[in-house]
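Okay, structure first, notes after.
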Amino acid sequence: MSPALDQVFKIGIGGPVGSGKTALIEALVPVLLQRGHSVGVVTNDIYTQEDAAHIRRTLDGVLDPERIVGVETGSCPHTAVRDDPSMNLAAGAELLERYGDIDTLLYESGGDNLTLTYSPLLADVYVFVLDTGEGDKMPRKRGPGITDSDLLVINKIDIAPYVRADLDVMSRDADRVREGRPVILTDCLTGTGVPEVADFLAGRRPACSPSA
Ligand SMILES: Nc1nc2c(ncn2[C@@H]2O[C@H](COP(=O)(O)OP(=O)(O)OP(=O)(O)O)[C@@H](O)[C@H]2O)c(=O)[nH]1
Ligand SMILES: [Mg+2]
């Protein structure tokens, strides 16, 4: 691994297809920038660079588009972020070569099922994103992303009433299966809960890295 990659705080964001991983990054980056961080983003899609292009559009004028790199994995997300993260390590190293001031790298995995986790080589902290649209049974379905991720985000709380998802049930079940590991409820389109996600990350940032 590039020695430079050891010096930055690396955040892996995973979760099922469409749960709001890209939306979380788009909401979180401005908060991180406001708190004085220098950010790079790596997205993973199997066949395209769709998410990287989306983030460039949404953060136009906020984050230099060159700081957002799309990896086309060509294989299932497990391979690219867990089993053999070499493509992602290379993308992160390339970003750090171009922007030596980066202190925070965000890695979005391709959307996948509940078994996805991140290689510790790639991410210091692993955030798993569920959303209310998948149904309020989701936390009970368990899987390592739900039970063992450093942070579980339950996104799209704004649509919960429309999809008959009970937020109290989701929160209670998430707390139970995670045995106290943190859970944050968000609406990434309005930013509700996103400062709390940034606070959580600040608490996990290694001491050598600039404080949030
Ligand atoms: N109402 C609502 N919609 C949201 C929220 N977050 C994301 N969305 C919408 O949900 C859809 C999917 O969001 P993405 O951020 O692309 O989800 P993703 O997890 O990155 O999707 P993949 O990378 O394809 O797996 C988009 O239409 C978003 O605008 C939210 O908090 N509330
Ligand atoms: Mg995405």
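Put a dot 7 Å past the Cα of A202, heading toward its Cβ, do the same for K141, and the two dots end up 3.4 nm apart. Helix 194-204 and the longest principal axis of the C-alpha atoms of the chain enclose an angle of approximately 60°. Of the accessible area of the stretch 3-204, with the probe set at 1.4 angstrom, what percent is carbon plus sulfur? That share works out to 51 percent. Straight Cα distances below 21 angstrom link K137 to the lysines K21, K156, with same-chain residues fewer than 8 positions distant left out.
Quick check: from the Cα gyration tensor, does the stretch 1-87 come out rounded (a/c under 1.5), prolate or oblate? Taking the square roots of the gyration eigenvalues as a ≥ b ≥ c, the stretch 1-87 is oblate.
Return the sequence-ordered ³J(HN,Hα) values of the stretch 35-46 in whole Hz as given by the Karplus equation 6.51 cos²θ - 1.76 cosθ + 1.60 applied to θ = phi - 60°, using x for Gly and Pro. Computed from phi, the couplings for the stretch 35-46 are 8, x, 8, 10, 10, x, 10, 10, 10, 10, 10, 6 Hz. Against the chain, whose longest principal axis comes from its Cα atoms, helix 167-178 is set at around 60 degrees. Counting each DSSP H run of 4 or more residues in the chain as -39500 (n - 2.57), what helix-only mean residue ellipticity at 222 nm follows after dividing by all residues, to the nearest 500 deg cm²/dmol? Result for the chain, helices only: -9500 deg cm²/dmol.
Label-to-label distance for Q34 and A93 is 3.6 nm, based on points extended 7 Å past Cα in the beta-carbon direction.
Helix 21-34 versus the longest principal axis of the chain: what angle, 0 to 90°, nearest 10, using Cα atoms? For 21-34 against the chain, the angle is about 60 degrees.
Which FRET efficiency value, to the nearest 0.05, is calculated for A4 and I46 with the Förster distance at 35 angstrom and r the Cβ-Cβ distance? Efficiency computed from Cβ-Cβ geometry: 0.80.
The values are calculated or read from the model by the stated rules, or taken from the named source; none is laboratory data. Bear in mind the structure is a predicted one, so any value in this text is a computation, not a measurement. No Cβ is skipped: glycine too gets one built from the backbone with ideal geometry, and neighbour counts run over all protein chains shown. Ligands, DNA and RNA are stripped out before the accessible areas are found, and what is left, the full protein with its side chains, is counted by its heavy atoms. Shrake-Rupley method; radii C 1.70, N 1.55, O 1.52, S 1.80 Å.
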